Amino acid sequence: MTDTAPGLPRLGTTLFSLTLEQRKPGRDLRTLIGEVAARDLGPGLEMVAFQSLRGWPRPDDAAAREVRGIIDDSGLTPACLAINLDLGLYPGRLLSDDEACDYVAVQLRAAAALGFPAVRVGIESGPPILSRLLPLA
């Protein structure tokens, strides 16, 4: 894997850019990550959790080990996991700040279990929620 020159941002690929490839028959996470590595499109790897990971936002231990193994086997490096806060998770009402914090916290813990050192989350996770999650981050 070609690494980025010292002092420059680490290059990588987001699996989101391969959405159409992911939808083709016979494609799975291992195949997609393997293609990114084979094309030397790393070393960084970003994924969108809800798009790429079954059982998200609560993958079990076996699923987390499997994903870590796939990434390790590829030679790529987990760079960032895109998570989300669906404020309209329940019909007829928005999540409270406490519920929103809990929902994002579950995803932060899962991202760490998968080996991702960073997450990105949409603007709906504003300062009141993010500031409460700083100790966990």
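The values are calculated or read from the model by the stated rules, or taken from the named source; none is laboratory data. Quick caveat: nothing in here was measured; it's all calculated off a predicted structure. Glycine also receives a Cβ, built like all others from the backbone with ideal geometry; neighbour counts cover every protein chain displayed. For the accessible areas, the whole protein counts, side chains as well, though only heavy atoms, and no ligand, DNA or RNA atoms are used. Shrake-Rupley method; radii C 1.70, N 1.55, O 1.52, S 1.80 Å.
Quick notes
- Other-chain or far-sequence residues with amide H under 5 Å of LEU45's (modelled H): THR13, THR77, ALA79, CYS80
- Segments 112-120, 41-49 sorted - mean Cβ within 10 Å per residue, highest first: 41-49, 112-120
- Using alpha-carbon coordinates, inclination of helix 61-74 to the longest axis of the chain, degrees: 30
- When Cα Rg over 2.2 N^0.38 Å is calculated for this entry, the matching label among (1) 1.12; (2) 1.00; (3) 1.96 is (1).
- For the range 1-119, the per residue solvent-accessible surface stands at 57 Å², with DNA, RNA and ligands left out and a 1.4 Å probe.
- Pairwise Cα distances in the range 10-57 exceed 12 Å in 61 percent of cases.
- Rg over Rh for the range 19-88 works out to 0.97, both radii taken from alpha-carbon positions and Rh defined as the Kirkwood radius.
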